[in-house]
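Shown next, in structure tokens, is the structure this report addresses.
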Amino acid sequence: MKSRHQGNGSPQASNPCACTREVIHVNGMLRVPRSRGAVSGVALILLGLWGALIPFVGPYFHYAYTPDTGWTYTTGRFWLEILPGAGTLVGGLIVLISSYRPVALLGAWLAAFSGAWFAVGSLLGPTWTRMGMTTGQPVGGTVLRAAEQLGFFTGLGIAIVFFATLTLGRLSVVSIRDTELAAHAKTTRAEPAEEKPADAKVARTGTRFPGLRQGRPAAETGKPADAKPARTGMRFPWLRQGKPATETEQTASERVSSAAR
């Protein structure tokens, strides 16, 4: 049964170091440098702030939709501008900060959906009358109204989708640099793991056998040889002074004879 089990075992099961290398390699492939999404992340953060704040500060520059007063909250502004702006901001922060590929991709997708809602929300929102998704009326002349439509909704959404898809493209492809970094992490992390059990074994050997702590055999230290005569001297007191056993026996017989007389 034992030989059959060993014969059916896979090479990775018999060699745990190989499994460790593969795990390290895959983990290294999932990591990306933070500079990979730095530009797109900053752009998404700025566009998200613009989309969420422009309906409140735009009226001060005569660039607004009705109601054209500063810091006026409406349900339509929440659904069509504040919510997608916050989603773009959070997605840009994730892309900028995260060095883990799946998490950065999640942030890019969040920003992409938010930008798409900016672009089409102003067209689909008014059809849902019960939710109050109304954009209001643009203020100003023909050119200013076109600029407001682009800056508040359509153009802003297209710009957000552009930077989000650019980030998705860069994060979805494994470049040569990512492969080199993963290979470097594989070699640097796997070598200490292989050397650690050998070091621990030597340390335990030195602790169990004190004669080998200084790197010398037990025969050269002389400790076992010294310990045996000491125990022998304790059991036989007449050997403590180094006298032969015959002399001690003669002295004892003389004492017995003198006592008898």
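Check residue 134 against each of (1) more than 30 Å from residue 36 (Cα to Cα); (2) among the polar types (S, T, N, Q); (3) part of a helix (DSSP H, G or I) and name the one condition it does not meet.
Only one criterion in (1) more than 30 Å from residue 36 (Cα to Cα); (2) among the polar types (S, T, N, Q); (3) part of a helix (DSSP H, G or I) is unmet by residue 134, namely (3).
Would you check which residues across region 97-116 are hydrophobic (A, V, I, L, M, F, W, C) and crowded, with 20+ Cβ neighbours inside 10 Å and list them? Before you say what the answer is, go through the steps one by one.
In the first step, residues of region 97-116 are kept if they are hydrophobic (A, V, I, L, M, F, W, C); the result is 97, 103-106, 108-113, 116.
If the condition is that a residue be hydrophobic (A, V, I, L, M, F, W, C) and crowded, with 20+ Cβ neighbours inside 10 Å, then 104, 108, 110, 111, 112 are the ones that fit.
So, in region 81-100, how many residues would count as being under 19 Å from residue 36 (Cβ atoms), assigned to a helix (DSSP H, G or I) and among the small types (Gly, Ala, Ser)?
2
Any residue that is touching a His at 6+ places or on another chain (Cβ under 9 Å), assigned by TED's automatic domain parsing to the domain that holds residue 60 and either outside any helix (DSSP H, G or I) or not charged (D, E, K, R) (or both) - is there at least one of those in region 103-111? Full working, then the answer.
Going through region 103-111, the residues touching a His at 6+ places or on another chain (Cβ under 9 Å) turn out to be none.
The answer is no; no qualifying residue exists.
I'd like the residue in region 137-150 that is in contact (Cβ under 8 Å) with a residue 40 or more places away in the chain and in contact with a strand residue (DSSP E or B) (Cβ under 8 Å, 6 or more places away or on another chain) and, out of all such residues, is surrounded by the most Cβ atoms within 10 Å (Cβ to Cβ).
Residues of region 137-150 in contact (Cβ under 8 Å) with a residue 40 or more places away in the chain: 137-140, 144, 147-148.
Imposing the further condition that a residue be in contact with a strand residue (DSSP E or B) (Cβ under 8 Å, 6 or more places away or on another chain) reduces the set to 137-139, 144, 148.
On the way: 137: 12, 138: 19, 139: 17, 144: 14, 148: 22.
Ranking the candidates gives 148 first.
Quick grid of which residues meet (1) touching a Ser or Thr at 6+ places or on another chain (Cβ under 7 Å); (2) modelled with pLDDT of 55 or more; (3) of a type in the set (Gly, Ala, Ser):
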site	(1), (2), (3)
21	no, no, no
25	no, no, no
30	no, yes, no
35	no, yes, yes
39	no, yes, no
43	no, yes, yes
47	yes, yes, no
51	yes, yes, yes
55	no, yes, no
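Scanning for something at pLDDT below 95, crowded, with 16+ Cβ neighbours inside 10 Å, touching a Lys or Arg at 6+ places or on another chain (Cβ under 9 Å) and among the polar types (S, T, N, Q), does region 117-136 turn up at least one residue?
yes
The values are calculated or read from the model by the stated rules, or taken from the named source; none is laboratory data. Keep in mind the model is a prediction, meaning the values are calculated, not measured. Note: ideal-geometry Cβ built from the backbone for every residue, glycine included; neighbour counts use all protein chains shown.
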